[in-house]
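Some notes on the structure that comes next.
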Amino acid sequence: MTKIAAAITAVGGYVPDYILSNKELEKMVDTTDEWILTRTGIKERRILKGEGKGTSVMCIEAVKRLLEKRNISPMEIDMIIVATVTPDYEFPSTSNIVCDQVGAKNAWGYDLSAACSGFLYALATGAQFIETGRYKKVIVVGGDKMSSIIDYTDRSTCIIFGDGAGAVLLEPTTEDVGMKDFILRADGSGIKHLFMKGGGSAYPSSQETIDRREHYVYQEGQAVFKHAVTGMADVSAEILEKNKMTGKDVQWLVAHQANKRIIDATAERMQLKPEQVLMNIERYGNTTAGTIPLLLWDYEKQIKKGDNLILSAFGGGFTWGAIYLKWAYNS
Ligand code: UT7
């Protein structure tokens with residue numbers, strides 16, 4: 001029997017209109033455009049404004065754009081998985097809201113929480129539903145409204161994050177394209193370096209949790225940086241080795257956009273040239289689960305059928321991993 005693979009066959013993305021520049025951040029915290037640019041590679045990020053607007057607003061737009069581009073009816077969609085750490089509500093899931101608002105009345109889905117590696121975890125999960133033959137059209141979304149959990153008085157954390165969402169459609173193929181391999185990892189002992197303490201069942205929201213500023217991201221930047229450089233570079237090198245490839249066999253590195261120095265270290269380890277590394281961190285910053293699908297959205301026209309892509313991420317949890325896939329279409 002011919003093996004069914006899961007292939008990305010369409011991409012959609014959305015970033016809010018409001019641009020928060022380094023210059024504007026200079027007025028909010030003790031920082032400079034020069035410091036942010038040289039230490040992170042970020043020039044500006046997008047912020048979703050408006051009362052009652054959550055992550056779903058961006059996910060819905062990304063999914064609608066994807067469906068319109070391919071002229072696919074939402075009724076054809078079997079499932080929508082949303083990777084996010086900033087869901088609209090504790091429940092229902094953001095996926096529930098997205099399914100309803102895009103008109104995917106035959107779909108079901110759920111949210112998946114793996115911070116900056118969320119999109120990789122969700123892509124690997126969504127692919128299983130295609131590869132088993134169970135479903136024909138699965139949408140995987142990565143989106144976060146990081147501005148809703150960022151402390152804009154914490155200069156070492158607030159400068160890297162932004163809001164945005166991207167979505168991909170997975171469909172079955174018997175051609176030699178699509179998802180080839182994944183390596184996903186988790187280490188819960190990393191919680192102390194990057195997490196949000198308040199608002200969950202351990203420390204439910206209370207006046208005390210608010211006073212202690214526990215509803216914001218807590219990040220020990222240097223510790224996370226060290227783990228990220230090693231974790232992302234190691235796993236990216238490992239997936240190449242496992243598939244008997246070298247950097248020469250790869251057309252594009254699609255790496256989580258947290259800090260340009262982490263991406264550069266990963267590319268160097270894989271012996272890639274700068275032109276093989278997709279980058280949009282300067283415009284969007286770190287959109288957590290949104291970075292990888294937003295890269296695919298931005299660079300869709302340059303990626304050609306048959307190109308080998310390595311997707312790679314490291315984030316809170318700790319979670320990290322890499323996916324090897326062969327691009328399935330020319331746009
Ligand atoms: O995406 C999920 C995972 N997250 C990450 O991957 C983030 C990883 N970490 C990082 O990207 C970096 O650690 C940061 C960008 C968050 C911070 O950069 P850093 O180069 O690690 O800075 P640092 O925390 O080591 O601070 C160095 C200095 C300190 O001053 P002193 O103590 O040397 O005088 C900080 O107080 O830079 C200072 N500093 C700043 N100065 C100007 C920290 N933030 C700022 C700032 N502007 N925004």
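The values are calculated or read from the model by the stated rules, or taken from the named source; none is laboratory data. This structure is a prediction, so every number in the text was calculated from the model and none was measured. Reconstructed Cβ throughout: ideal geometry from the backbone, glycine too, with neighbour counts over all protein chains shown. Heavy atoms of the whole protein, side chains included, go into the accessibility calculation; ligands, DNA and RNA do not. Shrake-Rupley method; radii C 1.70, N 1.55, O 1.52, S 1.80 Å.
For this structure, a couple of remarks:
- Of the residues making up region 301-323, those that are more than 12 Å from the ligand (Cβ to nearest atom) and open to solvent by 20 Å² or more (accessible area, probe 1.4 Å) are 301, 302, 304, 305, 306, 307.
- Within region 13-38, the set of residues being touching a residue at least 40 places away in the same chain (Cβ under 8 Å) and not hydrophobic (A, V, I, L, M, F, W, C) comprises 13, 14, 16, 22, 30, 31.
- Once region 1-39 is narrowed to residues that are of a type outside the set (Val, Ile, Thr), open to solvent by less than 10 Å² (accessible area, probe 1.4 Å) and not in a strand (DSSP E or B), the residue that is farthest from the ligand (Cβ to nearest atom) is 16.
- Considering 181, 151, 144, the condition of being on the phi < 0 side of the Ramachandran plot, assigned to a strand (DSSP E or B) and within 16 Å of the ligand (Cβ to nearest atom) is satisfied by 144 alone.
- Residue within region 280-296 that is part of a loop (DSSP other than H, G, I, E, B) and open to solvent by 50 Å² or more (accessible area, probe 1.4 Å) present: no
- Total residues in region 158-189 satisfying the condition of being buried (at least 21 other Cβ atoms within 10 Å of the Cβ) and closer than 29 Å to residue 218 by Cα: the figure is 10.
- Residues that are among the small types (Gly, Ala, Ser) and under 19 Å from the mean Cα position of the chain (by Cα) within region 136-183 comprise 142, 143, 147, 148, 162, 164, 165, 166, 167, 178, listed in sequence order.
- Qualifying residue in region 238-259 (condition: within 30 Å of residue 23 (Cα to Cα), within 15 Å of the ligand (Cβ to nearest atom), part of a helix (DSSP H, G or I) and within 19 Å of the chain's Cα centre (by Cα)): no
- Checking each residue in region 209-220 for being open to solvent by 40 Å² or more (accessible area, probe 1.4 Å) and within 9 Å of the ligand (Cβ to nearest atom) picks out only 220.
- The test for being in contact (Cβ under 8 Å) with a residue 12 or more places away in the chain, crowded, with 22+ Cβ neighbours inside 10 Å and not in a helix (DSSP H, G or I) holds for residue 85.
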